Structure formats: C-alpha cells, structure tokens
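Notes for the one structure printed next.
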Amino acid sequence: MIGIIGGTGIYEIVTMGDEIDKKVLKTPYGNSPEISIFKLHGKKVAFMSRHFKGHSKPPHMINYRANVYAMKKLGVDRIIATNAVGSLEREVEPGAFVIPNDFIDFTKLRNGTFYDNRTVHIDVTDPYCSELRNIISSSGKVVNGGIYVCTEGPRFETPAEIQMFRMLGGTVVGMTGLPEAVLARELEICYASISTVSNYAASISPTNLTIDEVFEIMDTKKHDLLKLMDTAISKMAVERSCHCMGALKGAEI
Ligand code: HPA
C-alpha cells in the first residue's frame, strides 16, 4: 500500500480516487488521525492529514510516531509526504516543488525514534528514498534535490537563523519534515517529501511573514500538487527495489 501524509492545505484527498474505507488506528503511541483508503491506478492508497482536519495540530504537537506507526500497521511500504516550506534561495521561488535529498534537523522536543528499549542506530546516508524521489522528480516540474532544514517551530525563524541555515547549505526550511522521515526509515518504509515553497524565508522575504500568504500559495498549488502525486503513484512499480526495506539490517546492537 502507498501512504500519503498530507501537510498544510491538504486535508482532503479522497477526490483523487474511489474511497474504500475510513479509519482511525490505535497505536502504542496514541490514535492516528482519520485515514482514508482509496484505489488509484489499481493501487491501494492510504491518506492522512498530519495536522488533522481544519489544521488543529501545530507542528510541535503532532504525534509523528503514531502517524508513521499507523501507516506501517496498515501495510504501507512507501510514503509520499507533503510539506509547506520557506525558501532559503532566491532562485527557488514561492510555488516551486522541492524534492529534498537530505536534511538538517534543528528540532528539539520531539520523540525521534521507535526504539527506546532496543539500541538501533539507523543509517541516514541517503535519508530520503532515492527510488521514490526519482519517480516523483520525473512526474512533473520540480526542483530535484535540496536540503530541508527542520525547525521546532511553531514560530517562524529570525534573520540570524535564516542566515545560519543558508551558510549551512540549506535549500528550504519547514517545521514538519522531522522526525517523520527518520521514523519511516526506522520501520523500513520508503519516504520522500514534496516540499511546496509557500514563501521566501524570513528576512529574504521583503515583508514580514504571515500564515495567510502560506495558505494562499498552498491553495493555488494544490491542484498541481495533486496532479504530481497522481502521476507519481501511476508510475510506482508494485515491487520496490531500494535499500529502505532492509534498513534495520546492521543497525541494531
Ligand atoms: N519557515 C518554517 N516553516 C515554514 C515556512 C517558513 O518560512 N513556510 C512554511 N512553513
């Protein structure tokens, strides 16, 4: 099964296919958001909204472990995530879709692993599934590759922070990409993000940031985003042939 974890502006996606089922899953970490299961291009797809309906959960309050665990429990082996991000580079304009190939994690307060009682050091040399990234990148107009910087939020960044992220080589900055990507790898699920640029980051933007501009761009790009995901799902093979499915091999003491 293919999983979609929808971010800001993507709360409903069942219009993409014929809905089969809707369920909330119980996990050891708490309940998942409502998951819609539908069929698209002959494949089963499970969709959840990371922020819940109406965007009721801010980034630092999201139960990332429950969400990823619920996907695994459903039989999901590949996740396409969508994230709203600010751009750290002038050439990467609002409205662009960035498919990150690496990240820098500046989160502080999140549960970042499933393995509290086993010693597992998961390898993230290639932190996003390259097979899934390539499929998405060949499915529409995107920026193929980039470094996703994840902050704790929920505030936006200071000019000094943005300057630092630029010096570190960051391409985009967001609040929801981590630890989701790592949790998926820990459960041997392929994971890639479509990061939609909703604004230039603080101090690169000529004006102060507002959530209204973020929502406005996400809304205008929603149709293109759904189309990109639809094409990518149509191209996904039944079997995967990447390293993600063996991620735990050699990772545990
Ligand atoms: N910073 C952090 N998260 C974001 C931004 C931003 O500028 N835009 C959308 N999500």
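Within segment 82-105, which residues are away from the ligand (no atom under 13 Å from the Cβ), farther than 15 Å from TYR128 by Cα and either open to solvent by less than 10 Å² (accessible area, probe 1.4 Å) or among the aromatic types (Phe, Trp, Tyr) (or both)?
PHE97
Has segment 197-215 got any residue that is within 25 Å of ALA247 (Cβ to Cβ) and either open to solvent by 20 Å² or more (accessible area, probe 1.4 Å) or assigned to a helix (DSSP H, G or I) (or both)?
No, that holds for no residue.
Taking segment 26-44, which residues are surrounded by fewer than 19 Cβ atoms within 10 Å (Cβ to Cβ) and either within 16 Å of the ligand (Cβ to nearest atom) or not in a strand (DSSP E or B) (or both)?
PRO28, TYR29, GLU34, HIS41, GLY42
Within segment 142-178, can you find the residues that are of a type in the set (Gly, Ala, Ser), more than 10 Å from the ligand (Cβ to nearest atom) and either within 17 Å of the chain's Cα centre (by Cα) or open to solvent by less than 50 Å² (accessible area, probe 1.4 Å) (or both)?
Result: GLY145, GLY146, GLY169, GLY170.
Does ILE136 satisfy the condition of being among the aliphatic types (A, V, I, L, M), surrounded by fewer than 22 Cβ atoms within 10 Å (Cβ to Cβ), in contact with a strand residue (DSSP E or B) (Cβ under 7 Å, 6 or more places away or on another chain) and under 26 Å from ILE217 (Cβ atoms)?
No, not satisfied.
Of LYS23, LYS57, which residue is closer than 28 Å to VAL238 by Cβ and surrounded by fewer than 17 Cβ atoms within 10 Å (Cβ to Cβ)?
LYS23
Among all residue pairs at least 6 apart or on different chains, which show Cβ distances below 8 Å where the first residue, located in segment 37-48, is closer than 11 Å to MET236 by Cβ and touching a residue at least 12 places away in the same chain (Cβ under 8 Å) and the second is open to solvent by 10 Å² or more (accessible area, probe 1.4 Å) and among the hydroxyl-bearing types (Ser, Thr, Tyr)?
LEU40/SER234; HIS41/SER234
Name the residue, out of ASN63, ASN67, that is away from the ligand (no atom under 16 Å from the Cβ) and open to solvent by less than 40 Å² (accessible area, probe 1.4 Å).
Answer to the check: ASN67.
Taking only segment 190-204 into account, find how many residues are touching a helix residue (DSSP H, G or I) at 6+ places or on another chain (Cβ under 6 Å) and more than 9 Å from the ligand (Cβ to nearest atom).
Looking only at that region, the number is 4.
Based on this model, can you work out whether SER234 counts as touching a Lys or Arg at 6+ places or on another chain (Cβ under 9 Å) and either within 15 Å of the ligand (Cβ to nearest atom) or open to solvent by 40 Å² or more (accessible area, probe 1.4 Å) (or both)?
Yes; evaluated as a whole, the condition is true for this residue.
The values are calculated or read from the model by the stated rules, or taken from the named source; none is laboratory data. Bear in mind that the values here come from a model prediction, so they are computed numbers and not experimental data. Here Cβ is always computed from backbone atoms with ideal geometry, including for glycine, and neighbour counts include all displayed protein chains. We work out accessible area using only protein heavy atoms, side chains counted, and drop any ligands, DNA or RNA first. Shrake-Rupley method; radii C 1.70, N 1.55, O 1.52, S 1.80 Å.
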